[in-house]
Amino acid sequence: MALPHLTTTIFLLSLLLSLSSTTPTPTDDLISELQHLQSAAPNGVLRLTDQLLGRILSLPRPRPFSLLIFFDATQLHDKSELQLPTLKSEFSILSKSFLHNNKDSPDSQKLFFCDIEFKDSQRSFSLFGVNSLPHIRLVSPHVENLKNSDHMDQGDFSRLAESMSEFVESKTKLTIGPLQRPPMFSGKQITFFLIVLMIWAPFAVKKILAGQTLLHDYKLWLFSAIFVYFVSVSGTMHNIIRKMPMFITDRNDPSKLVFFYQGSGMQLGAEGFAVGFLYTVVGLLLGFVTHGLVKIRSVTFQRFAMAVALIVSFWAVKKVVYLDNWKTGYGIHAYWPSSW
């Protein structure tokens with residue numbers, strides 16, 4: 001008679017175990033909610049609020065995912081030296097690239113990209129101890145105190161999404177993959193340019209055959225060569241591609257501007273233009289000495305001009321070497337004998 005009761009008890013226990021195993025846990029519910037917010041957010045960057053952050057921190061450690069957080073403040077978007085809109089756009093590219101490259105991988109659920117707005121989540125700013133922008137934090141699964149979470153160095157922001165990708169891959173075992181940047185020109189723009197080119201081509205050919213274009217003016221080639229030389233030695237293309245500011249505000253004294261940043265990880269526009277100007281002066285003096293000075297018959301003037309060119313060139317190169325030593329911390333062997 002005891003056998004039916006034993007069978008019933010075993011059946012009930014197995015039923016309870018199966019029900020408990022299929023019941024969603026708070027962690028599963030939160031992950032599902034984060035995935036829903038991620039799919040609804042542009043480029044997969046979800047808005048992190050104080051309440052949502054509190055729920056994430058309440059999960060038992062280690063959490064099954066990490067958070068990469070971009071700290072934003074809308075009222076500071078007009079400060080060009082901070083580059084917050086540009087960095088936020090690069091952060092979105094990073095998120096979009098990660099989701100695209102890992103869409104069929106379980107790694108897509110191990111990292112969520114978030115942004116925190118200062119006006120909406122001041123408490124979260126204080127929990128992380130963030131008092132300056134730009135700022136990016138990686139909250140790993142084992143982190144309990146948010147102030148101990150990993151953060152990017154200020155100098156790393158100069159390489160935009162590339163440096164963000166390297167930061168994530170160095171701190172986690174995840175792979176971001178190739179960055180999915182939008183094309184420079186849309187299909188409509190390319191079509192418009194082609195139509196304009198086809199209309200303009202016959203007139204251009206006629207001008208070229210008649211020798212009446214700017215390309216036949218030697219002055220244009222002269223100034224173009226100087227311009228290309230200046231762009232090459234001043235890092236202008238680096239400033240354009242990386243959208244580097246000409247200067248930044250001193251963090252210790254907001255009333256002061258910093259034109260030269262000490263550290264090899266970041267180069268301001270003013271630094272490149274200063275070095276480019278010095279190199280251009282040396283190049284112009286060299287061109288004058290080799291092509292212009294030799295045509296002057298006065299030996300006295302030749303000697304005087306040569307001496308001035310040497311002194312100015314020596315001063316310019318010395319300034320460039322000094323700036324490189326100060327910025328990188330690496331010494332360069334003197335090109336002038338030390339015994340002199």
Item to check | Residue ranges of helices (runs of 4 or more DSSP H) in segment 195-292 with at least 3 members among the aromatic types (Phe, Trp, Tyr) | outcome: 218-234, 269-287
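For (1) closer than 30 Å to residue 317 by Cβ; (2) not polar (S, T, N, Q), each residue gets a yes or a no:
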| residue | (1), (2) |
| --- | --- |
| 193 | no, yes |
| 197 | no, yes |
| 201 | no, yes |
| 213 | no, no |
| 241 | yes, yes |
| 279 | yes, yes |
| 284 | yes, yes |
| 287 | yes, yes |
| 290 | yes, no |
Next on the checklist: If I filter segment 91-99 for residues that are in the same structural domain as residue 130 (by TED's automatic domain parsing) and loosely packed, with under 14 Cβ neighbours inside 10 Å, do I get at least one hit?
Outcome noted: no
Checklist outcome for this item: Log entry, pairs with first residue in segment 234-259 being without any contact (Cβ under 8 Å) to a residue 40 or more places away in the chain, second being in a strand (DSSP E or B), beta carbons closer than 6 Å, six or more apart or on different chains, reads 250/258; 258/248
Next on the checklist: Against the definition (of a type in the set (D, E, K, R), surrounded by 14 or more Cβ atoms within 10 Å (Cβ to Cβ) and in the same structural domain as residue 136 (by TED's automatic domain parsing)), how does residue 78 come out, yes or no?
Outcome noted: no
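Residue-wise test of (1) surrounded by 19 or more Cβ atoms within 10 Å (Cβ to Cβ); (2) touching a residue at least 40 places away in the same chain (Cβ under 8 Å); (3) under 22 Å from residue 53 (Cα atoms).
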position	(1), (2), (3)
88	no, no, yes
105	no, no, no
127	no, yes, yes
132	no, yes, yes
136	yes, yes, yes
142	no, yes, yes
145	no, no, yes
150	no, no, yes
Checklist entry - Consider residue 293 against the criteria (1) modelled with pLDDT of 75 or more; (2) touching an Asp or Glu at 6+ places or on another chain (Cβ under 8 Å): it satisfies all of them except one. Which criterion is unmet? => result (2)
Checklist outcome for this item: Matching residues in segment 145-203 (of a type in the set (A, V, I, L, M) and at positive phi) number 1
Next on the checklist: Quick check on residue 286: is it outside the structural domain of residue 111 (by TED's automatic domain parsing) and touching a strand residue (DSSP E or B) at 6+ places or on another chain (Cβ under 9 Å)?
Outcome noted: no
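The values are calculated or read from the model by the stated rules, or taken from the named source; none is laboratory data. Everything quoted here is computed from the prediction, not taken from an experiment. A quick note on method: Cβ atoms are made from the backbone with ideal geometry, for glycine too, and the neighbour counts reach across all protein chains shown.
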